[in-house]
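Novice: One structure follows; several queries about it will come next.
The values are calculated or read from the model by the stated rules, or taken from the named source; none is laboratory data. Quick caveat, the model's predicted, so the values are computed rather than measured. All Cβ positions, glycine included, derive from the backbone under ideal geometry; neighbour counts span all protein chains shown. Side chains included, ligands, DNA and RNA excluded: accessible areas come from the protein's heavy atoms. Shrake-Rupley method; radii C 1.70, N 1.55, O 1.52, S 1.80 Å.
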Amino acid sequence: MITLPTHATRRQWLATTAAAGLSWPVMAQPAKPILIGQSTMLSGPLAPTMSGILEGQQLALDEFNARGGVGGRPVKLLTLDDAYDAARCVENVHTLIDKERVTALFGFTSTANVLATLPVLADKRVPLIGVYTGAPALRGKRHPYFFTHTASYRDEVVQMVRNLKTVARSRIALVYMNNAFGKLMLPVVEEVIAGQGATLAVKASLEADGSDAVAAAQSLAAASPESVIFMAFGPSLVSFVRAAKAYLPVPLYAVSVASGKAALEALGNDARGIGFTTLVPNPFRPSTGMSRDFNKVAAAARKPVDYDRFWGYLNLRVLLEQLRRAGRDVNPQSLVTSIEQMHKVDIAGYALSYSVEQHHGSNYVDIMIVGPGGRFMR
């Protein structure tokens, strides 16, 4: 026990303790967190599509920090709302980089938002990693500060068309969202269908709220297609699937981003038979270390096991591994260099490969069919 000196003897006491080599005990300071910034829709009609993904991210973050983070430094994720608006997203990027001093940006969700922020990344020299959009427009030209962990929408469409040709359903109808996402994807789908030797029988746009779903389904049905590709997501899926049940009883394949739990729950038994592309392994089967780890942490947190949460978990977990490899003193540039050196790596059964010229680490795509009770089947 240390007894403090009186005021009268303080100077003498300080001199004595200094001469004796004594000092006050120093409390250990908590390690400074590594900050990662995210801009996504936390409000607006499309916000529910992110709820499960955000929970999955949190599972990965809590697990990583409980194991010591990056050399004892915890990772903190700062998430700001952009309401799916590109201008707000750019404002958030400036806030996260200039004010919060994040090491990297992560998990953006809108193609238009990512496109709007790419010039800022180049100017600020801060990477954006692991986005929730697979638009080919983002991947055509290498960007020095942009990286992805999952396949592109083009990869997904190729898998859809190949499967439809296999089952002799090659006269395809396309319904696409009437927004920036849909308009960017329209020529991509047209190119893939032609390139795979299938036929685009008819196409129709669809409002994001699904208000014109019946008209869209009737328009497509008039051309008697053998199958439908759904290039949209959010609430519009519910309205369109119900309209298609009445007017367009043919196989329906939807892009991965449309398979949100909220939409599937709203559809109930009407979801049965829809084919969804998936960008991550099956979370319901413990066939990889990644899915086993996810099931373990989801059970401990009492969270449901589903594709949304697994996508968020896997996406952030890959970034956390990239941070770990960059080391305790990671900064934006050292993180970029570290990722570019990840040639043919395996993260708990999920294969990735990057290089200086290749910033898109995976082209894994599978297709799952919604079965009874909303369960996914091969």
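Novice: Quick one: which of 240, 233 is among the aromatic types (Phe, Trp, Tyr), in contact (Cβ under 8 Å) with a residue 60 or more places away in the chain, under 20 Å from residue 210 (Cβ atoms) and surrounded by fewer than 23 Cβ atoms within 10 Å (Cβ to Cβ)? Outline the logic, then answer.
Specialist: Values: 240 fails: surrounded by fewer than 23 Cβ atoms within 10 Å (Cβ to Cβ).
The conditions single out 233.
For every residue, the table says whether it meets (1) closer than 19 Å to residue 280 by Cα; (2) surrounded by fewer than 24 Cβ atoms within 10 Å (Cβ to Cβ); (3) of a type in the set (A, V, I, L, M, F, W, C).
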site	(1), (2), (3)
114	no, no, yes
131	yes, no, yes
135	yes, yes, yes
141	no, yes, no
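Novice: Something else: Those residues that are open to solvent by 10 Å² or more (accessible area, probe 1.4 Å) and either touching a Gly at 6+ places or on another chain (Cβ under 7 Å) or closer than 23 Å to residue 298 by Cα (or both), I need them from segment 34-46; list them, please.
Specialist: 42, 45, 46
Novice: Still on this model: Identify, from the list 345, 330, 336, 318, the residue that is in contact with a helix residue (DSSP H, G or I) (Cβ under 7 Å, 6 or more places away or on another chain), among the β-branched types (Val, Ile, Thr) and either crowded, with 17+ Cβ neighbours inside 10 Å or without any contact (Cβ under 8 Å) to a residue 24 or more places away in the chain (or both).
Specialist: Numbers: 345 fails: in contact with a helix residue (DSSP H, G or I) (Cβ under 7 Å, 6 or more places away or on another chain); 336 fails: in contact with a helix residue (DSSP H, G or I) (Cβ under 7 Å, 6 or more places away or on another chain); 318 fails: in contact with a helix residue (DSSP H, G or I) (Cβ under 7 Å, 6 or more places away or on another chain).
Exactly one of 345, 330, 336, 318 is in contact with a helix residue (DSSP H, G or I) (Cβ under 7 Å, 6 or more places away or on another chain), among the β-branched types (Val, Ile, Thr) and either crowded, with 17+ Cβ neighbours inside 10 Å or without any contact (Cβ under 8 Å) to a residue 24 or more places away in the chain (or both), namely 330.
To keep it simple, each residue is scored yes or no on (1) open to solvent by 10 Å² or more (accessible area, probe 1.4 Å); (2) within 25 Å of residue 368 (Cα to Cα).
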| site | (1), (2) |
| --- | --- |
| 159 | yes, yes |
| 171 | yes, yes |
| 176 | yes, yes |
| 182 | no, yes |
| 193 | no, yes |
| 202 | yes, yes |
| 215 | yes, no |
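Novice: Here is a list: 272, 325, 292, 302. Which entry is surrounded by fewer than 20 Cβ atoms within 10 Å (Cβ to Cβ), basic (Lys, Arg) and modelled with pLDDT under 95?
Specialist: On the way: 325 fails: modelled with pLDDT under 95; 292 fails: modelled with pLDDT under 95; 302 fails: modelled with pLDDT under 95.
From the options 272, 325, 292, 302, the qualifying one is 272.
Novice: Write out, first by first residue and then by second, each pair whose Cβ atoms fall under 7 Å of each other, whose residues are 6+ apart or on separate chains, and whose first residue, in segment 166-192, is touching a residue at least 40 places away in the same chain (Cβ under 8 Å) while the second is open to solvent by 60 Å² or more (accessible area, probe 1.4 Å) and of a type in the set (Val, Ile, Thr).
Specialist: So the pair list comes out as 170/199; 171/199; 172/199.
Novice: Which of the residues spanning segment 254-282 are in a helix (DSSP H, G or I) and under 16 Å from residue 155 (Cβ atoms)? Quick ask: steps written out before the conclusion?
Specialist: First, pick out the residues of segment 254-282 that are in a helix (DSSP H, G or I): 256-258, 261-271.
Selection gives 256, 257, 258.
Novice: Report the residue count in segment 59-73 for those that are surrounded by fewer than 18 Cβ atoms within 10 Å (Cβ to Cβ) and under 21 Å from the mean Cα position of the chain (by Cα). Spell out the reasoning first.
Specialist: Taking segment 59-73 first, the residues surrounded by fewer than 18 Cβ atoms within 10 Å (Cβ to Cβ) are 62, 65-68, 71-72.
Still in the running and under 21 Å from the mean Cα position of the chain (by Cα): 62, 65.
So the answer is 2.
Novice: In addition: How about segment 249-262: which of its residues are surrounded by fewer than 24 Cβ atoms within 10 Å (Cβ to Cβ) and either in contact with a Leu (Cβ under 8 Å, 6 or more places away or on another chain) or under 10 Å from residue 214 (Cα atoms) (or both)?
Specialist: 251, 258
Novice: When you check residue 364 against the structure, is it open to solvent by less than 40 Å² (accessible area, probe 1.4 Å), farther than 17 Å from residue 74 by Cβ, touching a residue at least 60 places away in the same chain (Cβ under 8 Å) and aromatic (Phe, Trp, Tyr), yes or no?
Specialist: Working: open to solvent by less than 40 Å² (accessible area, probe 1.4 Å): no; farther than 17 Å from residue 74 by Cβ: yes; touching a residue at least 60 places away in the same chain (Cβ under 8 Å): yes; aromatic (Phe, Trp, Tyr): yes.
Answer is no for this residue.
Novice: Is there any pair with a first residue in segment 262-284 that is free of Cβ contacts under 8 Å to residues at least 60 places away in the same chain and a second that is part of a loop (DSSP other than H, G, I, E, B) and not charged (D, E, K, R) whose Cβ atoms are under 6 Å apart and which are 6 or more apart or on different chains, and what are they?
Specialist: What qualifies is 283/305.
Novice: If you don't mind, another one. For the subset of segment 82-108 comprising residues that are within 14 Å of residue 330 (Cβ to Cβ) and of a type outside the set (A, V, I, L, M), which member is least open to solvent (accessible area, probe 1.4 Å)?
Specialist: So, considering only residues that are within 14 Å of residue 330 (Cβ to Cβ) and of a type outside the set (A, V, I, L, M), the one least open to solvent (accessible area, probe 1.4 Å) is 106.
Novice: While we're here: Got a sec? Which strands (runs of 3 or more DSSP E) wholly within segment 311-378 have at least 1 residues that are aliphatic (A, V, I, L, M) and within 19 Å of residue 255 (Cα to Cα)?
Specialist: In segment 311-378, 366-370 are the strands (runs of 3 or more DSSP E) which contain 1 or more residues that are aliphatic (A, V, I, L, M) and within 19 Å of residue 255 (Cα to Cα).
Novice: Also: Quick test for you: out of 49, 79, pick the one residue that is at pLDDT 95 or above, buried (at least 16 other Cβ atoms within 10 Å of the Cβ) and not in a loop (DSSP other than H, G, I, E, B). It would help to see each step written out before you state the result.
Specialist: Working: 49 fails: at pLDDT 95 or above.
The unique qualifying residue is 79.
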